[in-house]
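This report refers to the structure that appears directly beneath it.
The values are calculated or read from the model by the stated rules, or taken from the named source; none is laboratory data. Keep in mind that what you see is a predicted model, and the values were worked out from it rather than measured. Heads up, the Cβs are rebuilt from the backbone with ideal geometry, glycines too, and the neighbour counts pull from every protein chain shown. All accessible areas refer to the heavy atoms of the entire protein, side chains included, with ligands and DNA or RNA removed. Shrake-Rupley method; radii C 1.70, N 1.55, O 1.52, S 1.80 Å.
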Amino acid sequence: MSLPLVNTAKHTVKLPGCGLDVEYRPFFVKEQKVLLQATESEDPAQIASATNDMVRACTFEKLNLEDITSTDIEYLLLKIRSKSVGETAKVQLKCSQCEHPNEVIINLDAIEPTGENSDEQKVKINDSIGVCFKLPTVGKLKKFMEVSGGTATDTLIATMGASVDYVYDADTVYPSNDQTPEEIIQFLESLNSEQFRNAQGAFDNFPRLVHDVEFKCSKCNEETKIQLGGLGDFLG
């Protein structure tokens, strides 16, 4: 005889980036286990894959993740987590003075995207060339990750490459869709250090999930303020 099925609650959230109203359910234990294992691996590819699989399942396979930005997916995952195991999460944070680990409780429902709600950010590379960046969709980011190396720098450049909407000069606009990921990555790698830092600055203005936390060290009583950002920081 088959065991009875447990009814699953449904919730709705508006994604801050695209404005879509999305219906979702809490995750199951088996789905949580896969995501936690991926997070502990600290492998960006594994984390992205596990995140996408969980979000896809918890939105009843109705959400086309390929067209959603990573910021919206992270926001949706936090809402899913909040409805699944509670609106708070315990995280271990090191004291800025003695590096003693402290358990801190954060309110996931209080985390909202910060930054300008802008569709694009233009950056001048030099007097004649500029780049327009947009938050990449998951589908575009995946294409760039597939051709990047495994280092942290490779991941950064791939993320920036996936965010390139177009390159322009005084006479011509070069849409990123007309270039291969390898060509865009090669363009970014040809920048000097100052130009690359300026390009990175565009991402400071995009919406992103961050949360400021203040705590007193349980060992030395030092007051520490730290900014959390990214799924690994929030999921505990």
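Miscellaneous remarks
- Heavy-atom accessible surface of the range 51-97: percent carbon and sulfur, 1.4 Å: 40 percent
- Each pair of Cα atoms in the range 44-114 enters the Kirkwood radius, and Stokes-Einstein at 20 °C and 1.002 mPa s then converts it into a translational diffusion coefficient of 154 µm²/s.
- Percent accessible area from carbon and sulfur atoms, the range 144-236, protein chains only, probe 1.4 Å: 44 percent
- Helical content of the chain, expressed as a calculated mean residue ellipticity at 222 nm, amounts to -11000 deg cm²/dmol (DSSP H runs of 4 or more residues, -39,500 (n - 2.57) each, divided by residue number, nearest 500).
- Cross-link pairs exceeding 19 Å between alpha carbons, from the set Lys14/Lys79; Lys79/Lys134; Lys10/Lys79; Lys33/Lys142: Lys79/Lys134; Lys33/Lys142.
- When the alpha carbon coordinates of the chain are projected onto the principal axes, the ranges are 67, 55, 31 Å, largest first.
- ³J(HN,Hα), Karplus 6.51/-1.76/1.60, whole Hz, each residue of the range 191-202, x for Gly, Pro: 6, 7, 4, 5, 5, 5, 4, 5, 5, 4, x, 4
- Highest-first arrangement of 183-192, 68-77, where packing means the average Cβ count within 10 Å: 68-77, 183-192
- Calculated accessible area for the chain comes out at 58 Å² per residue, all protein chains present (probe 1.4 Å; ligands, DNA, RNA ignored).
- Here the Kirkwood formula puts the hydrodynamic radius of the range 74-149 at 16.7 Å, using every distinct Cα pair.
- Springs between Cα atoms under 10 Å define the GNM used for the chain, and in it the highest mean-square fluctuation of Glu61, Glu103, Glu223 occurs at Glu223.
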